[in-house]
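Derivation of every value follows stated rules applied to the coordinates shown; laboratory data play no part. Only a predicted model underlies this, so the values are computations on that prediction, with no experimental measurement involved. Ideal geometry is used to build each Cβ from the backbone, glycine not excepted, and the neighbour counts take in all protein chains shown.
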Amino acid sequence: MSENLQNVINAAERLSPGERLELIGIISRSLQQSWRQLERPNGEYAPEPAIPSYVKRTSPVISLKQLEADFWPDDETADDINAFVAQQRQDDLALEK
């Protein structure tokens, strides 16, 4: 995060909730204006501005198959995982006492 951005965040944290909402509106309108300036007369858009290197993009999930766990043993059931989770919770609660 840049120093300028951190300074803005620090200043925003000192604002009241109402002022923060107002700030969000102002930033939103500013971004809308910026995007309108990118639009060309024929309805197409100019190339998007460069994305900072610290922003990590991931491709969208288009199939639940992508989320399928390949590490789950075939011989274990959902009841087995539920029992395991319940036992872990009991163990955690016992440690808190």
> Roughly how tilted is helix 78-96, in degrees to the nearest 10 and between 0 and 90, from the longest Cα axis of the chain?
Replying inline: 80 degrees
> By its C-alpha gyration tensor, with a ≥ b ≥ c as the square roots of the eigenvalues, how is the chain shaped: rounded for a/c under 1.5, else prolate for a/b larger than b/c, else oblate?
Replying inline: oblate
> Between P49, P60, P73, which gets the highest mean-square fluctuation from a Gaussian network model of the chain, Cα cutoff 10 Å?
Replying inline: P73
>> If each residue of separation counts as 0.36 nm, what is the full-extension length gain between S30 and E76 once their alpha-carbon separation is subtracted?
In response: 11.2 nm
>> Quick check on the exposure proxy: order T58, T77 from fewest to most C-beta atoms within 10 angstrom.
In response: T58, T77
